[in-house]
Structure formats: C-alpha cells, structure tokens
Amino acid sequence: MLSRWMSGSSRNLDREYNCTVRLLDDSEYTCTIQRDAKGQYLFDLLCHHLNLLEKDYFGIRFVDPDKQRHWLEFTKSVVKQMRAQPPFTMCFRVKFYPTDPAALKEEITRYLVFLQIKRDLYHGRLLCKTSDAALLAAYILQAEIGDYDPGKHPEGYSSKFQFFPKHSEKLERKIAEIHKSELSGQTPATSELNFLRKAQTLETYGVDPHPCKDVSGNAAFLAFTPFGFVVLQGNKRVHFIKWNEVTKMKFEGKTFYLYVSQKEEKKIVLTYFAPTPEACKHLWKCGIENQAFYKLEKSSQVRTVSSSNLFFKGSRFRYSGRVAKEVMESSAKIKREPPEIHRAGLVPSRSCPSITHGPRLSSVPRTRRRAVHISIMEGLESLRDSAHSTPVRSASHGDAFVGPGRSSRAESSERVAVIADESYSPADSVLPTPVAEHSLELMLLSRQANGAPCSIEEEKESEAGTPAAEAEGELRALCPGASGLGPAQAQQVNKFVLSVLRLLLVTVGLLFVLLLLLIVLTESDLDTAFFRDIRQTPEFEQFHYQYFCPLRRWFACKLRAVVNLLIDT
C-alpha cells in the first residue's frame with residue numbers, strides 16, 4: 001500500500017499541464033509545464049520565444065472562474081495559482097508601462113508596447129481628443145499598410161479598419177487625410193515610434209482601470225500609471241497623486257484605503273469600495289507593485305507589505321521583480337544584433353482587429369449592438385481641439401516629459417481634467433473580445449458600476465454563462481438600488497460589526513489567558529523563579545487570602561450543594 005501511495009504521489013508530481021498564452025498580436029504560444037513549475041519558468045519560456053530581453057515591463061495575466069483577473073506571480077507555482085481546470089489559458093500583456101516608451105533600447109520591445117497601447121485604444125482605455133485620435137489611428141495605418149497608394153487604397157479605405165470602439169465618417173476622413181498627406185515615407189518602426197511618443201502624452205496613458213465606488217456610492221475607476229495614482233469618475237480625472245505622495249495602501253474586505261501625504265504636512269485618506277474582496281485584494285497588490293517599480297531606486301529597498309491592523313488579519317505581499325531604474329540601466333548594456341520582428345500586418349485579430357472585412361457592425365448581433373449604451377468616440381468627437389484642462393493636482397504627470405510650455409499651461413489652471421464628454425467605460429466595445437480580457441459579465445458589471453442600465457439581452461447572456469445565485473450576488477454588490485442600504489452604508493455597517501466581534505474575541509482570549517495564569521500561580525506547585533517572585537509580593541498574598549481563597553470556598557460550597565441535590569433526587 002505504501003509503495004502504491006508513493007508511486008501515485010510521484011505520478012502527481014511528474015504530471016504535465018498544457019498552457020496556452022495569448023500574445024499581444026493575438027497569436028498563441030502553447031507549452032507544457034510540470035506541476036511544481038514556477039511562474040518565472042513559464043515567463044522565461046515566453047520571452048525566449050519572443051526573443052525579448054527587456055522583459056520586466058511585461059507580465060502574464062489570467063482570469064479565474066469567478067471572472068476576477070490576476071497577474072501571475074513568478075515566485076509561486078503556476079498550477080497552485082490557477083483555480084481553473086487545465087488546460088490553462090493566459091494572456092501576455094504590458095504590466096508596467098514605460099515612463100518613456102520611445103527610450104526603450106530595442107525595437108522588439110517598442111513593437112510589443114505599441115501593440116498593447118493599440119489594444120488600449122481599441123478597448124477604450126486610452127482616451128483623447130479627436131485630433132489626437134485621428135493622428136494615432138493614422139500612425140497605425142501607416143505602420144500596417146505603408147504609404148498611401150491610390151491603386152490599392154480606394155475611397156473610404158480607412159473605414160475598413162477598426163481603431164476605436166466606434167467610428168464616425170468625419171473621423172475616418174480625417175484619418176485618411178493625415179495618412180495620405182503627412183506620413184508618407186515613414187517605415188513601420190518610425191510610425192510605431194511616433195505613435196508611442198504621442199500616446200505617452202495622453203492623460204490616460206498606462207491606465208488599467210479597476211471599477212470601484214466612492215464613499216458616496218458613485219461609480220469610479222482607479223488606476224496606477226507610471227506617474228502616480230489616478231481616479232476617473234464620470235468624464236473627469238478627479239484625482240492624480242504622485243507616487244512620492246502615496247505613503248500607504250491597504251485593504252479590508254472590499255474596502256481600499258490610500259494614504260496620501262501632500263505639501264504642508266497635509267494628510268488625507270482616500271476610501272473606495274471594490275465589487276468583491278478578491279477584486280479589492282487584486283487592486284491592492286497592483287498598487288504595491290506599481291509603487292515599488294516606479295518609486296524605488298533599487299530592488300533591495302523592496303519590503304514586505306501587510307494590510308493587517310489590530311483587528312484584521314490582512315494579507316502580506318512583496319514585489320519580487322526589478323525596479324524601473326534598474327531596468328533602464330540593464331537595457332543600456334544590451335549589445336546584440338536587433339532581432340527580426342514579424343509584424344502582424346493585415347491578419348485579422350479576435351479582440352483588437354486591424355481590419356474587418358465588410359461592414360464594421362455586420363459581425364455583431366443586433367441585440368449586442370442595441371446593448372452598447374455608451375460610445376466613447378462620440379464623446380471624443382465632441383471634444384474641441386483645445387488642450388486638456390489640468391487635473392485637480394497642480395502638477396500633472398506630463399511635467400516629467402513635456403516642455404515648459406505645457407508645464408506653465410498646467411500651472412495656470414486648477415480645473416479638473418476632462419477626459420471625454422461621456423462616462424469613462426473602458427469595457428464598452430462594438431466587437432466581441434476574448435474572455436481573458438473582457439468577458440460579457442465584466443462588461444455588464446462595468447456598465448452597472450457607471451450607473452448605466454442593463455439591457456435584457458445582456459442579462460440573458462450573462463445568466464447563460466454563470467449560475468443565477470452568483471450573478472445575483474454580483475449585481476447586488478454593484479447596484480445600490482438592489483437593497484435597502486447603499487453600498488457605502490452597508491460596507492460601514494459590516495466593517496463596524498466585524499470590528500466589534502474581533503474586539504470581543506480578543507478580550508475573551510485575554511481574559512482566558514489571565515485566568516490560566518492565575519490558576520497556575522495559585523494552585524500549581526511550580527517553583528520557578530518567575531512564579532516565586534510573583535507569589536512573594538505583598539499584593540499577590542493579599543489577593544490570594546482576601547479574595548481568591550474565599551471565592552474558591554464559595555465555588556466549592558455551591559458545587560457540593562448541587563451534587564447533594566442531584567444525589568437526593
């Protein structure tokens with residue numbers, strides 16, 4: 001029996017698991033890993049396949065069965081992190097956006113960052129005014145099809161390309177005009193470089209939004225960028241906090257706290273509520289990693305961070321990679337022949353297509369088209385070509401890389417930055433996207449977080465993919481009208497109740513420990529130096545003879561009376 005158990009255990013350890021990783025160009029990389037393989041092993045396999053050396057900016061993302069996204073931790077076993085059944089499906093994505101993507105050493109790295117930002121533009125995470133949107137799309141067009149050729153590119157050719165969640169004819173004409181007249185002669189590498197230089201100046205560059213609610217129950221998106229912490233609410237960026245002003249991040253259940261120390265010793269605490277405890281923990285871990293990567297000078301300065309306090313156990317987490325300054329220093333030492341780049345070209349993509357054949361909306365079910373309530377591009381098109389107004393903070397992240405003209409313009413205004421005329425909804429997209437990026441359930445929850453109504457078609461599709469109880473719980477967590485209390489009040493009540501219960505448990509535990517110590521002191525024969533010193537104090541002798549002994553005799557008398565009563569009956 002022992003030999004059978006040992007052989008079974010060895011077979012378990014030697015078992016191989018199939019992994020499929022979707023790359024930024026929507027191709028797939030498939031491999032097999034052992035049960036105890038760490039995340040670093042899989043990531044190194046992937047980077048070797050891509051011939052990528054500047055790999056610290058990237059990561060592997062996966063979605064658990066509850067539709068919660070996670071970044072794969074490189075120091076832990078892949079199999080233990082994946083709650084789904086094999087084969088495992090993951091995505092290769094940019095995890096830390098470069099502060100200056102144009103300064104990356106190798107073209108292959110710039111190309112991969114270009115693909116990620118192109119994906120952000122398509123999914124509505126990167127917002128800009130109409131003139132900037134047209135220029136970015138024209139750069140993509142030049143990189144993929146080259147110079148304008150009247151023989152190959154008939155009238156309206158730009159309408160066959162999908163750059164944004166929605167297009168307008170006016171924007172398509174503007175894109176084609178820039179492509180024809182301003183970008184002729186640019187190579188794909190040059191167009192991609194210009195695209196990156198333009199994208200990094202936008203206020204939502206590097207934003208990976210986390211849907212939350214503030215203390216008033218209003219929908220908001222939290223994000224961590226190369227320059228600091230950002231809060232997007234409605235159509236505005238309501239907070240921008242630099243990394244050196246963030247002193248602490250912690251979470252308790254669904255509640256996320258950000259501690260900020262600003263000038264003149266002004267300290268504030270921002271509080272937000274995530275849809276689930278898992279989402280809140282993911283938000284906290286992303287914040288810890290981003291702050292360590294962008295703020296610290298050396299990886300040796302990284303410390304283990306805990307979210308616990310007196311009454312909450314909390315979680316412990318430590319960023320395990322290199323920091324941005326070390327990555328830049330390491331990149332400067334790269335000396336090799338530039339690797340060959342296999343650009344995707346005109347190959348259609350599942351989630352971020354460069355070109356769609358036929359009418360843009362023909363592949364989308366009619367019900368899905370009716371369900372799209374918010375058009376980000378409609379908001380972008382209605383914006384004037386004037387410069388963005390600056391955030392509530394007096395210094396914006398653009399000051400790190402733009403000239404004094406923009407910096408002085410930022411100092412002249414204290415208004416909140418307007419991102420778009422419509423509510424910020426990065427999950428809204430005309431075309432279907434892969435489950436690993438934006439599932440239908442995530443789109444539904446994101447729209448509800450923005451206060452948008454849910455269509456009947458979306459609710460039916462969501463119920464078909466998830467159990468009714470789970471869907472009902474998620475809806476109740478995000479829709480304030482589903483219960484008598486709003487989410488903020490419910491969170492505060494739950495937090496208060498949990499704190500009181502923990503306080504009671506701690507008090508009872510301390511009393512129990514003191515009782516045990518008292519019994520040992522008074523009734524045991526232990527003659528250690530510690531106990532002997534306590535017993536010889538006048539206070540203890542007085543307590544023993546005046547209080548403890550009478551109390552013990554009273555308990556003994558009552559116990560004998562109860563025993564005699566039981567015997568008589």
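The values are calculated or read from the model by the stated rules, or taken from the named source; none is laboratory data. Predicted model, so just to flag it, every value in this text is computed and none were measured. No Cβ is skipped: glycine too gets one built from the backbone with ideal geometry, and neighbour counts run over all protein chains shown. Quick note on the areas: whole protein, heavy atoms, side chains included, nothing else; ligands and nucleic acids left out. Shrake-Rupley method; radii C 1.70, N 1.55, O 1.52, S 1.80 Å.
Would you tally the residues in region 279-297 being farther than 14 Å from residue 325 by Cβ and acidic (Asp, Glu)?
Adding up the residues that qualify gives 1.
Conditions (1) aromatic (Phe, Trp, Tyr); (2) assigned to a helix (DSSP H, G or I); (3) free of Cβ contacts under 8 Å to residues at least 12 places away in the same chain; (4) open to solvent by 30 Å² or more (accessible area, probe 1.4 Å), marked per residue:
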{"residue": "105", "(1), (2), (3), (4)": "no, no, no, yes"}
{"residue": "127", "(1), (2), (3), (4)": "no, no, no, no"}
{"residue": "137", "(1), (2), (3), (4)": "no, yes, no, no"}
{"residue": "147", "(1), (2), (3), (4)": "no, no, no, yes"}
{"residue": "155", "(1), (2), (3), (4)": "no, no, yes, yes"}
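Looking at region 256-278, can you tell me whether even one residue there is closer than 16 Å to residue 73 by Cα, in contact with a Pro (Cβ under 9 Å, 6 or more places away or on another chain) and assigned to a helix (DSSP H, G or I)?
The answer is no; no qualifying residue exists.
Filter region 525-550 for residues that are surrounded by 10 or more Cβ atoms within 10 Å (Cβ to Cβ) and of a type in the set (Ser, Thr, Tyr); which is farthest from residue 252 (Cα to Cα)?
In this case the residue turns out to be 545.
Does residue 141 count as crowded, with 21+ Cβ neighbours inside 10 Å, within 27 Å of residue 185 (Cα to Cα), of a type in the set (A, V, I, L, M, F, W, C) and touching a residue at least 12 places away in the same chain (Cβ under 8 Å)?
yes
Name the residues in region 16-45 that are in a strand (DSSP E or B), more than 22 Å from residue 111 (Cβ to Cβ), charged (D, E, K, R) and touching a residue at least 24 places away in the same chain (Cβ under 8 Å), would you?
Across region 16-45, the qualifying residue is only 38.
So that you can scan it fast, the table gives a plain yes or no per residue for (1) assigned to a strand (DSSP E or B); (2) modelled with pLDDT of 90 or more; (3) of a type in the set (A, V, I, L, M):
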residue: 194; (1), (2), (3): no, yes, no
residue: 206; (1), (2), (3): no, yes, no
residue: 212; (1), (2), (3): yes, yes, no
residue: 223; (1), (2), (3): yes, yes, yes
residue: 232; (1), (2), (3): yes, yes, yes
residue: 240; (1), (2), (3): yes, yes, no
residue: 244; (1), (2), (3): no, yes, no
residue: 249; (1), (2), (3): yes, yes, yes
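May I ask you to verify whether residue 238 is open to solvent by 10 Å² or more (accessible area, probe 1.4 Å) and touching a helix residue (DSSP H, G or I) at 6+ places or on another chain (Cβ under 8 Å)?
So residue 238 does not fit the description; no.
Would a scan of region 267-279 turn up a residue that is touching a helix residue (DSSP H, G or I) at 6+ places or on another chain (Cβ under 6 Å), more than 30 Å from residue 83 (Cα to Cα) and either outside the structural domain of residue 69 (by the TED database) or open to solvent by 10 Å² or more (accessible area, probe 1.4 Å) (or both)?
Within region 267-279 (the criterion being touching a helix residue (DSSP H, G or I) at 6+ places or on another chain (Cβ under 6 Å), more than 30 Å from residue 83 (Cα to Cα) and either outside the structural domain of residue 69 (by the TED database) or open to solvent by 10 Å² or more (accessible area, probe 1.4 Å) (or both)), the answer is no, since none of the residues qualifies.
Provide a single number: the residues in region 294-316 that are modelled with pLDDT of 90 or more and assigned to a strand (DSSP E or B).
0
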